[in-house]
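Working notes, structure below.
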Amino acid sequence: MQRQKIAVVGGGLMGHGIAYLLAAAGHDVNVYEPAAATRASLPPRLQAIADLLGDDPALPQRIAIHDRLEPAVKGTRFVFEAAPEKLELKQHIFAELESAAAPDTILASNSSAIPATEIGRHLKQRGRVVGTHFWNPPHLVPLVEVVQNEKTTAETVQATMELLRDAGKAPVHVRRDVPGFIGNRLQHAMKREAIALVAAGVCDAETIDTVVKAGFGARTAVLGPMEQSDLVGLDLALDIAEVLYAHLDRTPGPHPFLREKVKAGKLGMKTGEGLRRWTPASAEAVRRRLSRFLAEQARASKTRSA
Ligand SMILES: NC(=O)c1ccc[n+]([C@@H]2O[C@H](COP(=O)([O-])OP(=O)(O)OC[C@H]3O[C@@H](n4cnc5c(N)ncnc54)[C@H](O)[C@@H]3O)[C@@H](O)[C@H]2O)c1
């Protein structure tokens, strides 16, 4: 793909990873970050990604860091917004982008929950506004949900998918801007059931993690649920659904068990207890295990495509 000029708006957790992966794909990347301390932390954070992935140590220096929006987005083909999850703030940023960027620049939002339809509601050219929901960490997790809203044109979706595919991502087209898109709906449907099972005393939280990781999780990376249903046969899938679905949790809203945990200050690793108990060392071990696993996957995929 032709080298593109791209801006990332917000250089926090998601923004720095998005900037890195686009620079690694050979594009000219500018990052606009208003907070001085975060700007100063960008070079070492980008360097840490290069070290983790065994990339050219000079790669992060190709990313230009800006303290003003306008010069960062001038002349760009794409802008990826990764600012805090607040509707008013994002609307304000998109209004600024409308005047600072060219009229055909594609404006993508990495919002997790706010519909891009709302973010771009007051713009004149809404066909170029699209959702791009990256998964954390965006430089390691392949999936990006490319979310089409009411006004997004087919050309915008196509160009965005092409850019991301070329950068080694696995973009999928979400045809309607539904809450949670696809990935979070699936993930939270499972979490809802998991919490209900623990609350009912069927098992403890550790057992849930073992069942997922050692059971269907062991094959999920190579066998999706649709493939798996077709593999066993839809007649069997229907028989199971007939028996099981009536017993699945249907608590409207978050389960009281989850609400009670939060009310008691049991928030997870950051407080030492959530659904499971944590020490600083055991929490750090989980983070390290995850980062090492994802980095190995990313390196293996790069070797396969080289
Ligand atoms: N953290 C995740 O796991 C995750 C996953 C998917 C999507 N998202 C979404 O990505 C977006 C960014 O999340 P994050 O976790 O990187 O947050 P973050 O707080 O780490 O980063 C946001 C950055 O935006 C900067 N910022 C503040 N005001 C700004 C402005 N007016 N213009 C530009 N930048 C501004 C902040 O200084 C900060 O550095 C959010 O919409 C979030 O919902 C987050």
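Within the range 39-63, the residues that satisfy the criterion of being touching a residue at least 12 places away in the same chain (Cβ under 8 Å) and within 15 Å of the ligand (Cβ to nearest atom) are 39, 42, 43, 45, 46, 49, 63.
Look through 167, 194 and report the one residue that is modelled with pLDDT of 95 or more, assigned by TED's automatic domain parsing to the domain that holds residue 273 and in contact with a helix residue (DSSP H, G or I) (Cβ under 7 Å, 6 or more places away or on another chain).
None of the other options fit; the residue is 194.
For residue 280, the conditions (1) farther than 15 Å from residue 193 by Cβ; (2) in contact with a helix residue (DSSP H, G or I) (Cβ under 6 Å, 6 or more places away or on another chain) all hold with the exception of (2).
Taking residues in the range 134-146 that are under 20 Å from residue 287 (Cα atoms) and of a type in the set (Val, Ile, Thr), and partners anywhere that are within 12 Å of the ligand (Cβ to nearest atom) and in a strand (DSSP E or B), the pairs with Cβ atoms closer than 8 Å and at least 6 places apart or on different chains are 141/134. Got at least one residue in the range 227-237 being of a type in the set (S, T, N, Q) and over 18 Å from residue 193 (Cα atoms)? Checked against the condition, which is being of a type in the set (S, T, N, Q) and over 18 Å from residue 193 (Cα atoms), the range 227-237 yields at least one hit. Do we have any residue at all in the range 91-99 that's surrounded by fewer than 23 Cβ atoms within 10 Å (Cβ to Cβ) and of a type in the set (Ser, Thr, Tyr)? Yes: one or more hits.
Does residue 72 meet the test of being surrounded by 16 or more Cβ atoms within 10 Å (Cβ to Cβ), away from the ligand (no atom under 14 Å from the Cβ) and assigned by TED's automatic domain parsing to the domain that holds residue 132?
Taking the combined requirement at face value, the residue does not satisfy it.
In summary, residue 195 fulfils each of the numbered conditions (1) farther than 25 Å from residue 246 by Cβ; (2) touching a residue at least 40 places away in the same chain (Cβ under 8 Å) with the single exception of condition (1).
The values are calculated or read from the model by the stated rules, or taken from the named source; none is laboratory data. Since the structure is predicted, the reported quantities are computational estimates derived from the model, not experimental observations. Every residue, glycine among them, receives a Cβ derived from its backbone with ideal geometry; neighbour counts consider all protein chains shown.
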